[in-house]
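What follows is a single structure, written as structure tokens, with notes after it.
The values are calculated or read from the model by the stated rules, or taken from the named source; none is laboratory data. Just so we're clear, the structure is a prediction, and the values are computed from it rather than from any experiment. Cβ placement follows ideal geometry from the backbone for every residue including glycine, while neighbour counts extend to all protein chains displayed. To get the accessible areas, we keep the full protein, side chains included, count just its heavy atoms, and leave off ligands, DNA and RNA. Shrake-Rupley method; radii C 1.70, N 1.55, O 1.52, S 1.80 Å.
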Amino acid sequence: DARVTQTPRHKVTEMGQEVTMRCQPILGHNTVFWYRQTMMQGLELLAYFRNRAPLDDSGMPKDRFSAEMPDATLATLKIQPSEPRDSAVYFCASATPGQGVITEAFFGQGTRLTVV
Amino acid sequence: EDKVVQSPLSLVVHEGDTVTLNCSYEVTNFRSLLWYKQEKKAPTFLFMLTSSGIEKKSGRLSSILDKKELSSILNITATQTGDSAIYLCAVERAGGTSYGKLTFGQGTILTVHP
């Protein structure tokens, strides 16, 4: 059954450590989003890709965050070095927007990151 | 920068009540407005609205878009405890390389008491 898969589901790390989150989008979807969710800010768009090319990463702190799609089946979000304020749930979503098509973005289960 | 504002931020009601959730937006080159429901984990899709004034319905939930006022409402009638969730509103861009970009609001936390 088609779903977006994120790993790990939970991550606790110490401040200063590198964190890598992975996402496997639904096969055939050409658009991948990374969101961060906190109680204060809600669901913030960090970056998104179409056909593996980054389209908009303006929501991402550039000095410590990076997002890539090494191939069509894998998207990664990396934080280096991590800070306590990065603690949040990170969601990946995939979709195939287009004329006459509902852009229903399907979300993964999220990675809950805690930086201590 | 695209912006989505939802109100209220939280709402507590009793079973059987009717609730109305609001969403207003500013977006470059609007294509659609979407509503999602988030329970414990991932948000799940409810509705997509593209045309003004046309109501979408699914059981006790309904939604309508007002493109003149740049807003949408989500109504839930005869609420049940299972409706307790975060309701998220998002806008989608059309055209150019950034079509399909989804920007979400902060969400409305709905709590339904028995």
Note on region B:55-75: residues of a type in the set (D, E, K, R) and in a loop (DSSP other than H, G, I, E, B) are B:GLU55, B:ARG60, B:LYS67, B:LYS68, B:GLU69
So, of the residues in region B:1-54 that are in contact with a His (Cβ under 9 Å, 6 or more places away or on another chain) and outside any loop (DSSP other than H, G, I, E, B), which turns out to be nearest to B:GLY107 (Cα to Cα)? B:VAL12
Out of all the residues in region B:64-75, is one or more more than 10 Å from chain A (Cβ to nearest Cβ), touching a Cys at 6+ places or on another chain (Cβ under 7 Å) and closer than 17 Å to A:GLY42 by Cβ? yes
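Just wondering, is there one or more residues in region A:90-101 that are without any contact (Cβ under 8 Å) to a residue 24 or more places away in the chain, open to solvent by 50 Å² or more (accessible area, probe 1.4 Å) and of a type in the set (Ser, Thr, Tyr)?
From region A:90-101, those without any contact (Cβ under 8 Å) to a residue 24 or more places away in the chain are A:98-101; that's our starting set.
In the following step, the residues that additionally are open to solvent by 50 Å² or more (accessible area, probe 1.4 Å) were identified as A:99-101.
Checking which are of a type in the set (Ser, Thr, Tyr) leaves us with none.
Taking every residue of region A:90-101 in turn, none turns out to be without any contact (Cβ under 8 Å) to a residue 24 or more places away in the chain, open to solvent by 50 Å² or more (accessible area, probe 1.4 Å) and of a type in the set (Ser, Thr, Tyr).
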If I ask for residues that are more than 23 Å from B:TYR99 (Cα to Cα) and either surrounded by 15 or more Cβ atoms within 10 Å (Cβ to Cβ) or over 12 Å from the mean Cα position of the chain (by Cα) (or both), which ones from region B:17-36 would you list? B:ASP17, B:THR18, B:VAL19, B:LEU21, B:ASN22
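Inspect region B:58-68 for any residue being loosely packed, with under 13 Cβ neighbours inside 10 Å and modelled with pLDDT of 95 or more and give the result as yes or no. Reasoning before the result, please.
Restricting attention to region B:58-68, the residues satisfying the condition of being loosely packed, with under 13 Cβ neighbours inside 10 Å are B:58-59, B:68.
Then drop every residue that is not modelled with pLDDT of 95 or more, which leaves B:59.
Yes, the conditions are met somewhere in region B:58-68.
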List every residue pair whose Cβ atoms lie under 6 Å apart, where the two residues are 6 or more positions apart in sequence or sit on different chains, the first residue falls within region B:38-53 and is at the interface with chain A (Cβ under 7 Å from one of its Cβ atoms), and the second residue, located anywhere, is in a strand (DSSP E or B). B:ALA42/A:PHE107; B:PRO43/A:PHE107; B:PRO43/B:TYR36; B:PRO43/B:LEU88; B:PHE45/B:TYR36; B:MET48/B:SER32; B:MET48/B:LEU34
Within region A:25-48, take every residue that is open to solvent by 30 Å² or more (accessible area, probe 1.4 Å) and in contact (Cβ under 8 Å) with a residue 60 or more places away in the chain and give me the one that is farthest from the other protein chains (Cβ to nearest Cβ). A:GLY28
Of the residues A:ARG85, A:ARG3, which single one is open to solvent by 20 Å² or more (accessible area, probe 1.4 Å), within 10 Å of chain B (Cβ to nearest Cβ) and among the basic types (Lys, Arg)? A:ARG3
Restricting attention to region A:44-56, does a residue exist that is outside any strand (DSSP E or B) and either within 20 Å of B:VAL4 (Cβ to Cβ) or at pLDDT below 95 (or both)? yes
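Going through region B:95-114 one residue at a time, which ones are crowded, with 18+ Cβ neighbours inside 10 Å and within 14 Å of chain A (Cβ to nearest Cβ)? Working first, answer last.
As a first pass, look at region B:95-114 and keep what is crowded, with 18+ Cβ neighbours inside 10 Å: B:99-108, B:110, B:112.
Of everything in region B:95-114, those that are crowded, with 18+ Cβ neighbours inside 10 Å and within 14 Å of chain A (Cβ to nearest Cβ) turn out to be B:TYR99, B:GLY100, B:LYS101, B:LEU102, B:THR103, B:PHE104, B:GLY105, B:GLN106, B:GLY107, B:THR108.
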For region B:46-63, what are the residues that are out of contact with any strand residue (DSSP E or B) (no Cβ under 6 Å at 6 or more places or on another chain) and not basic (Lys, Arg)? B:SER51, B:GLY53, B:ILE54, B:SER58, B:GLY59
